[in-house]
Amino acid sequence: IKTIHGIVSEGDITQKGYEKKRGKLLAPYIPQIQGVDPSLQIDNRIQASSQAILPGSKHNKSRAANTRDERFRSDLHTEAVQAALAKYKERKMPMPSKRRSVLVQSSVEACTPPDTSSASEDEGSLRRQGRLATSTPYQGHGHPAVEHWFNRVIQGSSTSSSASSTSSHPGGRSYHTNLFSFLFLSVLLLSTSLSLPHQSLNQSVDTCLSPPCSITSPLRFCHVCISLHIFVLPCLLSPNLFSVHPLQTHFVGVPVNSRVSNKIQQLLNTLKRPKRPPLREFFVDDFEELLDDPNQPKPEGQQMSPLEGEPLGVVTNWPPSLPAALQRWGTTQPKSPCLTALDNAGKPVYTLTYGKLWTRSQKLAYTLLNKLSTRNEPLLMPGDRVALVFPNSDPVMFMVAFYGCLLAELVPVPIEVPLTRKDAGSQQIGFLLGSCGVTLALTTDACQKGLPKAQTGEVATFKGWPRLLWFVTDGKHVVKPPKDWHPPIREASNDIAYIEYKTSKEGSTMGIAVSHAAMLAHCHALTQACGYTEGETITNVLDFKRESGLWHGVLTSVMNRMHVISIPYSLMKVNPLSWIQKVHTYKARVAVVKSRDMHWSLLAQRDQRDISLSSLRMLIVADGANPWSISSCDAFLNVFQARGLRPEVICPCASSSEAMTVAIRRPPEMGVPPPGKAVLSMGGLSHSVIRVDTEEKLSVLTVQDVGQVMPAALVCVVRVEGTPYLCQTDEVGEICVSSGSTGVAYYGLPGMTKNIFEVGTIPVTSSGVPVSDRPFTRTSLLGFVGPDSLVFIVGKMDGLMVVSGRRHNADDVVATALAVEPMKFVYRGRIAVFSVSVLHDERIVVVAEQRPDASEEDSFQWMSRVLQAIDSIHQVGVYCLALVPANTLPKAPLGGIHISETKQRFLEGALHPCNVLMCPHTCVTNLPKPRQKQPGKVGPASMIVGNLVAGKRIAQACGRDVAQLEDNDQARKFLYIQDVLQWRAQATPDHPLFLVLNAKGTVASTASCLQLHKRAERVAAALMGRLNTGDHVALVYPPGIDLIATFYGCLYAGCVPVTVRPPHPQNLATTLPTVKMIVEVSKSVCILTTQAIMKLLKSKEAAAAVDIKSWPTVLDTDDLPRKKSPQMYKPPTPEMLAYLDFSVSTTGILAGVKMSHAATSALCRSIKLQCELYPSRQIAICLDPYCGLGFALWCLCSVYSGHQSILVPPLELESNASLWLAAVSQYKVRVTFCSYSVMEMCTKGLGSQTEALRLRNVNLSCVRTCMVVAEERPRIALTQSFSKIFKDLGLSPRAVSTTFGCRVNVAICLQGTAGPDPTTVYVDMRALRHDRVRLVERGSPHSLPLMESGKILPGVKVIIANTETKGPLGDSHLGEIWVSSPHNATGYYTVYGEEALHADHFNTKLSFGDTQTVWARTGYLGFLRRTELTDASGERHDALYVVGSLDETLELRGMRYHPIDIETSVIRSHKSIAECAVFTWTNLLVVVVELEGSEQEALDLVALVTNVVLEEHYLIVGVVVVVDPGVIPINSRGEKQRMHLRDGFLADQLDPIYVAYNM
């Protein structure tokens, strides 16, 4: 301490620095503040002054000292952030891990060694003497070698996602503030709360605490982002959530000891935290108004009075226009220096004198007007717009071009040099040029050579740009004007002088037109405000093409014959001190800089002992309006006061492109009041109220004034939204200016011009009286007028984010993020903050560039701390925090981040982050109220009465009456289908019944009536000796005639056949257990199959999947002896069981239904009548023949009706997609059936080949009905695109329809050949969630199209019943579809272990009304609607609309969701999402998406999926899982097996690319 005290007395360190140093030395001896990490106490003390204490370092350490972006740092703020974070003690979060490929890709892709960031304005990577200087001190190591960095990337993070740790909360503080308590007490909690079947507790505890997988283990990890849920979950797991269904037995007991369910459990534990109360009322579905929080601060001051600047002084012989000033100096003081340009070494390359500027501009003006022509017409006329494309390093050429245009009376439009064809925002610049009618671009020779070229050698046309002629303005291309030519020098008029471009918050580029008069007036006002005098020297570091750089360095300087030293950006990057050195060398009186330039020079100032800033009378800080410039100013002064910098010369100013300079702190000699500072409460500011902060020191904003209003300007502060009422004195509003020196319009945009420059902006008093008749210009600056009439700015409209009615400033949020800790993980100044609109509110998104050498753990740790800090300081949640690889954010022209382009990429899913953390549960407080079911249910009787009173009929419909239909149906006289076959074999032995096609489209096998009968007899003969009547026989055959023949063979022998899909030889592990289960559950005593499958069932590979010793007898039927069975079995009654139909439902339940002989015959008769099937007909079937309607059409209908079936096995389409359609065309089929999977294969596989098919003579005009066999809601999008694609081949759009069947009745609806076309209605999806049907117009918001599922079959009656009261419902009401028909199944053979539960599925009665009829419950929700159409019998037609399976629905927030609706939204959200499936697990919504595209897009999907589900369904997604294509299991009907997927996910078997757990 003594030593440093000595240094202070010698003046080498400041008092403040001394106190910090002393604090650090004493820290170990001082008792620690309760709950604050001692390292934090010390850290935040020493940071600010570190640069003042370290001994002078040489070049290579130029940046070792400072570790944070001064532009965004004030000591107060850093300490606030550290204190806020200290409240949350370090919490270990489960580390995210992701697939290796993603990891390596995201880091190495940028392939930039640490910190050689390219041209980022705020990054400040300094290049010096060919060495790299690191921005952060690597603690104790020098600069790591590039190889070392590369190794780090390749190794990646070796922490697996299961290594979560437990930590406890400090000091019993309430959880109120700890939204982000990433506290995962979880692992143990998990084992105790999840008591699942087949799982011992100890085992689950062991597995939970097992060590993390090492990186070498073959498992790939899912990437886990932690997440936080609002609603407290009452039950963690209801036992029946995980009842193990037969089909899942090979997953038994999986869930607990998998990492994924640990994660979910940890997630749930965080979700039980009480949340801060929502900031505003919920909105009811259509209601978006916000209710104010009664406790929010309200402004209390008087109404502000407009503030007037001092009048403009009269200057004698002031030139009448800027060209006149140039003419004066060019002719009277030709040797006087005007502009000195520097090269990248800081050496002056060229000094332009006023004489040279005058003659060169004249030459250019003459050339432009007289030497450029098209078809003998001059190319340019006075008033035309001309683009100026000059690099930042060539101010001389720019200045000549700018004044050349003014002299020629052309309008210069300065723009950036386009570097590539896809520059960020370049397209918008193109629109600007187009709307300004620019046809000519001026540039330098060097620049023209560097532009991208087309093949012809001409400059390429950039995306969105008009065709331009490029003209090089270097000496050899311009000609000397004749003696008698003089440029017209006129008085400043209201004509446009130049157009300055500006990019809006949304990314669109506007051109701000500035008149000659305004340009002159602004020069006059600046000259007076800054006290400029003739011949002064000024150093300009800013971009000379626009804003302050242009106003001071190109326009006002010429007015006053000043000498400008222009410092190019490229020089600043190499030598950040260059501007200070030039001030010293040229004894400049004024310097124009940004706070960034001050910050950069601080980092390098140690190297220079002998520079002095005493010549400066004004240091103009152009971005002084940025609230965070104050810390740069303070720190700069702190260091450079010792070098002659006087505190009072720092002059922040406020300006905007529209209003030009609004206010500036006057230089000290003008006797102005002292500068002001305000420490404001951030909470107050968020409500636009100014409160000097008193109690809570954490969330404050310190702002400095930007001086007084400009001369001759009138300034008002007005409310931001709505009518521009004047603000109260303690209220923040938008600053409006009325003066002769602002822009006049947005070029070519009259509407916006009105709002910003003209009528829409005249401020009015609270009584509605305009304050003045002069037009005002909105500046887009937010601020207030403080004491002494000083102007304070607290933000810009562009950075304004209004979240839940509170205002936050993007810059403030950036500052908080940067104050979190030294930038070890993300690049300083490469942070973008913006808001996106999701669900009627703005949501904050933070995107930062991650250093390539940052480990996953570090980055994730940093992310979680940023969330905590922003939550504490701003009291606002961050919706999404994303880290992208280094150098991948779009850049603004002079460094910095192109915010609107970044936002665009985020919304389009093109940002490609390498880490994402989303917190919708924390941020989204405006979800609609969860639905409460009404108590005191309305009884079914009142429902009926209500419907009658409302004139609604009961929703009941039936197909044609079978008894009435007299057709010459010979098969009717037989009670049993096997008798029909025998009769046909005798009556028409050679009539062809079946024809099977192979993949080549050739006939693989056929069967006539007699052949089929003979083959069936052989099978019966083989069975009769071995089996008893009534035995169950499993038929395991590929689709073909064997299957049909053995089916009838079983009936001949009196056995009960069970058709089973054979196992897939390449995928035995998952398909064989299902075969085994059906065989066991159906109690089959024998398996009939082919030799090949028999070998497979007993193979070594099969033994790995199932116990092959327990198969029943297996017979192969390939070579049966030609034996006739002694006699046919005759069942005693048609009610006897004919066959069993087994199917796995989409919820993973294996259900077999019993079909009696009577039901089988009735089913065939019903289909025959509906489709008008006769022996002369041919139908084509491309379906799996194992269950449901597919089985009936394949095996039963042909035998009953005698028509010929052309059988196309769907598997064959995988090798020949056109097989089915070619067959339909070749055989001129009128009726055909397919499944959704087949339709999808044709749509995807043949979409682009219709032309080729036409050349092969495929013609589908013969098809009258093409029916999709389905047990789900019709997939309209698919059927429509199928119709559209094959319309070219003659397919009638009316032909495609769907069928509907389910377990209790496999054929309820089927379009058939007669009757009206299927109708489509649009229902409101939000009403559907409340179990209501609300019909809306097509295209209305939230509308969902539903197509009728075909016509109700003859003999079938349908009614819609209330799922709870079991009473009948009215027309167009949503309820469960009940069906009564002679071909209903007679019951479940078994639903494993749930027999009693499902008894009422097959025989249930209405609780009111017709209580006699026995109905079967389908388990599907739907509604009936009477249409205007007439059906075949002349009655009005009743349409049945199926909405979805009750088993599949998700109950969330009291509402009923159909997974398909959420999935449709998700698939639409990004082009790379191939398929999607959703399910819930412990009340969390899990969304699984298949990514078709590169893995780097995986993380883009997280935000898009979360957004779309919030926006369209009002649900917060809990987990987003990104997987490879083909992972979501699909059954043979093309339906998603969501429960299988859920089990696979919980068992960690999906090998996901990425898993995000939303907070």
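The values are calculated or read from the model by the stated rules, or taken from the named source; none is laboratory data. Note that this is a predicted model, so its numbers are computed, not measured. Cβ atoms come from the backbone with ideal geometry, glycine included; neighbour counts cover every protein chain shown. Side chains are part of the model used for accessible areas, which takes the heavy atoms of the whole protein and leaves out ligands, DNA and RNA. Shrake-Rupley method; radii C 1.70, N 1.55, O 1.52, S 1.80 Å.
Considering the dipole of the range 402-524 built from charges on the beta carbon (Lys and Arg +1, Asp and Glu -1) around the Cα centre, which of I415, A446, Q428 is farthest to its positive end? Projecting each Cα onto the dipole axis, the largest value belongs to A446. Global size of the range 571-681: 13.9, 43 Å for Rg and Dmax (C-alpha atoms, Rg to one decimal, Dmax whole).
Here is the size of the range 539-608 from its Cα atoms: Rg then Dmax, 12.0, 38 Å. Would you compute the Debye intensity of the range 680-812 from its alpha-carbon atoms alone, equal scatterers and no solvent, and pass along log10 I(q)/I(0) at q = 0.15, 0.20 Å⁻¹ to two decimals? At q = 0.15, 0.20 Å⁻¹ the computed log10 ratios are -0.74, -1.23. Pairwise Cα distances in the range 1208-1257 exceed 12 Å for 63 percent of all pairs.
By the scheme Lys and Arg +1, Asp and Glu -1, what is the net charge of all other residues having a beta-carbon under 10 Å from that of I762?
On the way: positive: R774; negative: E758, D773.
So the environment of I762 carries a net charge of -1.
Using only the Cα atoms of the range 1105-1258, construct the convex hull and provide its projected area averaged over every direction, in square nanometres to one decimal.
On the way: hull surface 56.2 nm².
Its Cα hull, projected and averaged over all orientations, spans 14.0 nm².
How large is the convex hull of the C-alpha atoms of the range 1010-1147 per residue, in Å³? Spell out each step's value before the answer.
Values: hull volume 16.8 nm³, N = 138.
It is 122 Å³ per residue.
Figure legend: label point modelled 7 angstrom from the Cα of V479 along Cα→Cβ; residues of the range 337-378 with amide N under 18 Å from it are 360-378. With 26 Å as the limit on Cα-Cα distance, the pairs of K347/K796; K20/K796; K754/K796; K1154/K1357; K594/K677; K363/K594 that go past it are K347/K796; K20/K796; K363/K594.
Convex hull volume per residue, computed on the Cα atoms of the range 686-753, equals 142 Å³. From the alpha carbon centroid of the range 585-604 to that of the range 503-558 is 19 Å. Principal axis extents of the C-alpha atoms in the range 977-1065 (largest first, rounded to whole Å): 41, 41, 18. The spacing between the range 757-802 and the range 612-667, judged by their C-alpha centroids, is 24 Å.
Each residue of the range 709-723 was assigned a 3J(HN,Hα) from its phi angle through the Karplus expression (A = 6.51, B = -1.76, C = 1.60, θ = phi - 60°), giving 4, 5, x, 6, 10, 10, 10, 10, 10, 10, 4, 6, 9, x, 4 Hz with x at Gly and Pro. The separation of the range 1172-1227 from the range 338-353, counted between C-alpha centres, amounts to 85 Å.
Over all other residues within a Cβ to Cβ distance under 13 Å of Q1066, the charged ones net out to -2, with Lys and Arg as +1 and Asp and Glu as -1.
Here F1408 sits with roughly 80 square angstrom of accessible surface, probe radius 1.4 Å. Projecting the Cα atoms of N560, A591, L603 onto the dipole axis of the range 560-616, where Lys and Arg carry +1 and Asp and Glu carry -1 at the beta carbon, places N560 farthest toward the positive end. Placing +1 on the Cβ of every Lys and Arg and -1 on the Cβ of every Asp and Glu, with nothing else charged, gives the range 1111-1182 a dipole about its Cα centre of roughly 340 debye.
Computed over the alpha carbons of the range 1166-1242, Rg followed by Dmax gives 12.0, 35 Å. A compact globular protein would have a Cα radius of gyration near 2.2 N^0.38 Å; the ratio found for the range 1019-1059 is 1.04.
On the beta carbon distance between T1430 and R1338, with R0 = 22 Å, the FRET formula returns roughly 0.40. Taking amide H as placed 1.01 Å from N in the peptide plane, H687 has its amide H under 5 Å from the amide H of R807, each at least 5 places away in sequence or on another chain.
Can you give the convex hull volume of the alpha carbon atoms of the range 318-470 per residue, in Å³?
Numbers: hull volume 20.8 nm³, N = 153.
Considering the Cα atoms of the range 318-470, their hull volume per residue is 136 Å³.
What are the semi-axes of the equivalent ellipsoid for the range 1405-1504, taken as the square roots of 5 times the Cα gyration tensor eigenvalues, largest first, in whole Å?
On the way: eigenvalues 308, 78, 19 Å².
Semi-axes, largest first: 39, 20, 10 Å.
Placing +1 on the Cβ of every Lys and Arg and -1 on the Cβ of every Asp and Glu, with no other charges, gives the range 608-717 a dipole of roughly 280 debye about its Cα centre. When the range 349-401 is described by a simple charge dipole with +1 on each Lys and Arg Cβ and -1 on each Asp and Glu Cβ, the residue from F398, W358, L388 located farthest towards its positive end is W358. For A1103, neighbours were defined as the other residues whose beta-carbon sits under 14 Å from its Cβ, and their charges (Lys and Arg +1, Asp and Glu -1) total +3.
Normalised Debye scattering of the range 1334-1488 at q = 0.13 Å⁻¹ gives log10 I(q)/I(0) of -0.78, counting only Cα atoms as equal scatterers and leaving out solvent.
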